[in-house]
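Peer 1: Please read through the structure below; I'll follow up with questions.
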Amino acid sequence: MDVSTASPPSATSKTPQKQHLETVAAYQFVLTFLFMVWLYLDWDTPEQGGRRSEWLRNWTIWKHLRDYFPIKLVKTVELPPDKNYVLGAHPHGIMCTGIFCNFATEANGFSQHFPGIQPSLAGLSSLFCLPVYRDYIMCTGACPVSQQSLDFILAQPQLGQAVVIVVGGAQEALHSVPGEHCLILRKRKGFVRLALRHGASLVPVYSFGENDIFRLKAFATGSWQNRCQIAFKKLMGFSPCIFWGRSLLANSWGLLPFPEPITTVVGRPIPVPQRSHPTTEEVDHYHTLYINALQQLFEEHKESCGIPASTCLTVI
């Protein structure tokens with residue numbers, strides 16, 4: 001029985017191009033192995049404060065992003081750096097554009113507006129499982145929106161920590177209809193419980209115009225399309241939305257957001273006592289105070305941000 005074997009070409013018969021390709025193949029094999037080892041050893045970093053880069057946060061491209069809409073940051077009061085804070089950010093919109101620009105970058109000079117405060121934007125935990133992308137968003141100061149991650153940040157001996165939580169989450173993206181202001185908040189109380197456990201002040205934040213930069217195909221509540229979106233969100237952690245913007249070259253549809261102004265207003269902090277095991281009554285009390293403060297913030301600033309006086313904030 002004959003057994004034939006394939007023999008590699010001899011070194012003398014190889015062309016320079018073949019030798020180059022062989023070198024690349026061997027090099028990628030080694031680098032892939034080392035990368036996977038590093039990823040395994042670095043896996044818990046997002047849950048332990050991440051890896052912030054002030055250099056990346058100060059990229060000039062973020063200022064160009066700011067100016068495209070434009071995006072503004074409005075400070076209403078001081079946030080003393082001798083305390084920690086839990087900032088509830090609203091609304092989610094399609095991509096949290098205003099929140100990202102103002103808290104994950106220095107495009108509007110957050111560190112100058114609030115000296116001594118270090119913001120950490122909390123994002124979907126699954127994003128921090130994606131190789132390379134996890135490192136990119138960690139450089140902005142972002143962290144997973146998990147109890148372990150947020151507890152780690154607020155338990156640091158260095159005060160002035162501010163975790164920024166988009167409370168409505170992915171489900172709120174389904175309500176990102178231009179001209180409407182509907183928040184998923186009534187049953188979202190985990191951020192209040194977090195603030196109580198650490199004695200961190202609650203700060204309401206509202207981004208006027210966030211819902212206006214894309215158009216959204218909204219399905220009626222209870223429709224089969226809406227039920228599919230909610231089921232997908234429960235399974236994958238984010239809601240599939242049908243949205244569109246403008247094109248690069250014309251006024252037809254595309255993925256470029258519309259250049260609508262976004263104004264992010266940071267409200268007055270609500271002092272919160274520290275409770276290792278907050279009761280349901282305490283959580284409900286401060287949750288009610290927070291909703292009232294957020295609605296007051298909306299009413300005080302809506303007209304200056306181009307919102308009609310008759311517009312109301314809807315909390316569901």
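Peer 1: Suppose the filter is of a type in the set (S, T, N, Q), farther than 30 Å from residue 64 by Cβ and exposed (fewer than 15 other Cβ atoms within 10 Å of the Cβ); does residue 276 pass it?
Peer 2: It is true that residue 276 is of a type in the set (S, T, N, Q), farther than 30 Å from residue 64 by Cβ and exposed (fewer than 15 other Cβ atoms within 10 Å of the Cβ).
Peer 1: Being touching a Ser or Thr at 6+ places or on another chain (Cβ under 9 Å), open to solvent by 40 Å² or more (accessible area, probe 1.4 Å) and either touching a residue at least 40 places away in the same chain (Cβ under 8 Å) or in a loop (DSSP other than H, G, I, E, B) (or both) is the filter here; which residues of region 250-262 pass it?
Peer 2: Residue satisfying the conditions is 255 alone.
Peer 1: How about region 14-52: which of its residues are surrounded by 10 or more Cβ atoms within 10 Å (Cβ to Cβ), over 38 Å from the mean Cα position of the chain (by Cα) and among the hydroxyl-bearing types (Ser, Thr, Tyr)?
Peer 2: Hit for region 14-52 is 23, nothing else.
Peer 1: Would it be correct to say that residue 125 is of a type outside the set (A, V, I, L, M, F, W, C), touching a strand residue (DSSP E or B) at 6+ places or on another chain (Cβ under 9 Å), surrounded by 17 or more Cβ atoms within 10 Å (Cβ to Cβ) and closer than 25 Å to residue 277 by Cα?
Peer 2: Judged against the criteria, residue 125 is not a match.
Peer 1: Quick check on region 101-111. Is at least one of its residues under 20 Å from residue 42 (Cβ atoms), in contact with a strand residue (DSSP E or B) (Cβ under 9 Å, 6 or more places away or on another chain) and either open to solvent by 10 Å² or more (accessible area, probe 1.4 Å) or not aromatic (Phe, Trp, Tyr) (or both)?
Peer 2: So far as region 101-111 goes, no, none of its residues is under 20 Å from residue 42 (Cβ atoms), in contact with a strand residue (DSSP E or B) (Cβ under 9 Å, 6 or more places away or on another chain) and either open to solvent by 10 Å² or more (accessible area, probe 1.4 Å) or not aromatic (Phe, Trp, Tyr) (or both).
Peer 1: Would you say residue 83 is open to solvent by 90 Å² or more (accessible area, probe 1.4 Å), touching a residue at least 24 places away in the same chain (Cβ under 8 Å) and within 28 Å of residue 239 (Cβ to Cβ)?
Peer 2: The answer is no for residue 83.
Peer 1: Out of region 71-111, which residues are under 24 Å from residue 314 (Cα atoms) and assigned to a strand (DSSP E or B)?
Peer 2: 71, 72, 73, 74, 75, 86, 87, 88, 89, 90
Peer 1: Filtering region 187-207 down to residues that are among the hydrophobic types (A, V, I, L, M, F, W, C) and in a helix (DSSP H, G or I), which residue is surrounded by the most Cβ atoms within 10 Å (Cβ to Cβ)?
Peer 2: 195
Peer 1: Another question, if that's okay. Please work out if residue 221 is loosely packed, with under 13 Cβ neighbours inside 10 Å, at pLDDT below 95, out of contact with any Leu (no Cβ under 8 Å at 6 or more places or on another chain) and not in a strand (DSSP E or B).
Peer 2: yes
Yes or no, residue by residue, for (1) crowded, with 18+ Cβ neighbours inside 10 Å; (2) modelled with pLDDT under 95; (3) closer than 30 Å to residue 106 by Cα; (4) among the basic types (Lys, Arg):
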{"site": "209", "(1), (2), (3), (4)": "yes, no, yes, no"}
{"site": "216", "(1), (2), (3), (4)": "yes, yes, yes, no"}
{"site": "230", "(1), (2), (3), (4)": "no, yes, no, no"}
{"site": "248", "(1), (2), (3), (4)": "no, yes, yes, no"}
{"site": "264", "(1), (2), (3), (4)": "yes, no, yes, no"}
{"site": "281", "(1), (2), (3), (4)": "no, no, no, no"}
{"site": "301", "(1), (2), (3), (4)": "no, no, yes, no"}
{"site": "315", "(1), (2), (3), (4)": "no, no, no, no"}
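Peer 1: Counting only residues that are in a strand (DSSP E or B) and among the aliphatic types (A, V, I, L, M), which one in region 160-186 is farthest from residue 200 (Cα to Cα)?
Peer 2: Of everything passing the filter in region 160-186, 183 is farthest from residue 200 (Cα to Cα).
Peer 1: Something else: Condition first: assigned to a loop (DSSP other than H, G, I, E, B) and not hydroxyl-bearing (Ser, Thr, Tyr). Can you find one or more residues in region 280-293 that meet it?
Peer 2: no
The values are calculated or read from the model by the stated rules, or taken from the named source; none is laboratory data. Since the model is a prediction, treat every value here as computed from it, not as a measurement. Backbone-built Cβ (ideal geometry, glycine too); neighbour counts: all protein chains shown. Protein only, heavy atoms only, side chains kept; ligands, DNA and RNA dropped before computing areas. Shrake-Rupley method; radii C 1.70, N 1.55, O 1.52, S 1.80 Å.
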